[in-house]
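Colleague: Can you keep this structure in mind? I'll have questions shortly.
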Amino acid sequence: QVQLVESGGGLVQAGGSLRLSCAASGSIVSRNTMGWYRQAPGKQRELVAAITSGGLTTYTVSVKGRVTISRDNAKNTVYLQMTSLKPEDTAVYYCKTQTPWGSDYWGQGTQVTVSA
């Protein structure tokens, strides 16, 4: 069983930056794909960025150029560096890990609020 704990959320002004962290425990996740998702009030949860075990990354169009996902396998942690934040980035951000055999585990989420 994998446990994921997100941190780093908070309140920031538009144009500011935040770095989210997702620490995994209970299992080594170096072979897993890791992803960051977000869910704004009244909206569906959406993929923000993902990174494979080999370091391949993908980003949703709305965050390309402003967000970087990275992982530190030695620390069993994945990061989401967000810059040039916009009010529309306001959401609860969730970390997800997917094992090589397709099992998904989610964190509890961290709130990101961007004020205009």
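Colleague: What does the highest-first list of 77-86, 12-21 look like by mean Cβ count within 10 Å?
Modeller: 77-86, 12-21
Colleague: Now for a different question. Roughly how large, in nm² to one decimal, is the mean projection of the convex hull of the alpha-carbon atoms in region 73-115?
Modeller: Its average projected convex-hull area is 4.1 nm².
Colleague: Sorted from largest down, give the three principal axis spans of the alpha carbons of the chain, whole angstrom values.
Modeller: Computed over the Cα atoms, the extents are 41, 25, 23 Å.
Colleague: Work out how much length T113 to Q81 would gain on full extension: take 0.36 nm times their residue separation and subtract the Cα-Cα distance, in nm to one decimal.
Modeller: 10.0 nm
Colleague: Turning to a different aspect of this structure: Solvent-accessible area per residue for the chain at a 1.4 Å probe radius, Å²?
Modeller: Averaged over the residues of the chain, the accessible area is 51 Å².
Colleague: Something else about it: For V61 and V5, FRET efficiency with R0 = 25 Å and r from the beta-carbon atoms, rounded to 0.05?
Modeller: 0.30
Colleague: L47: net charge of surrounding residues, Cβ under 10 Å, Lys/Arg +1, Asp/Glu -1, itself excluded?
Modeller: The answer is +2.
Colleague: May I ask you to list the residues of region 69-96 whose amide nitrogen lies under 13 Å from a point 7 Å from Cα along the Cα→beta-carbon direction of Q39?
Modeller: Those under the cut-off are 91-96.
Colleague: Of all the accessible heavy-atom surface of region 65-116, with the other protein chains kept in place and a 1.4 Å probe, what percent is carbon and sulfur?
Modeller: 49 percent
Colleague: Which length gain, in nm to one decimal place, applies between T99 and S30 when the Cα-Cα distance is subtracted from 0.36 nm times their residue separation?
Modeller: So the chain would gain 23.9 nm between T99 and S30.
The values are calculated or read from the model by the stated rules, or taken from the named source; none is laboratory data. Everything numeric in this text was worked out from a predicted model, so none of it was measured. Ideal geometry is used to build each Cβ from the backbone, glycine not excepted, and the neighbour counts take in all protein chains shown. The protein model used for the area step is the full one, side chains on, heavy atoms only, and it has no ligands, DNA or RNA in it. Shrake-Rupley method; radii C 1.70, N 1.55, O 1.52, S 1.80 Å.
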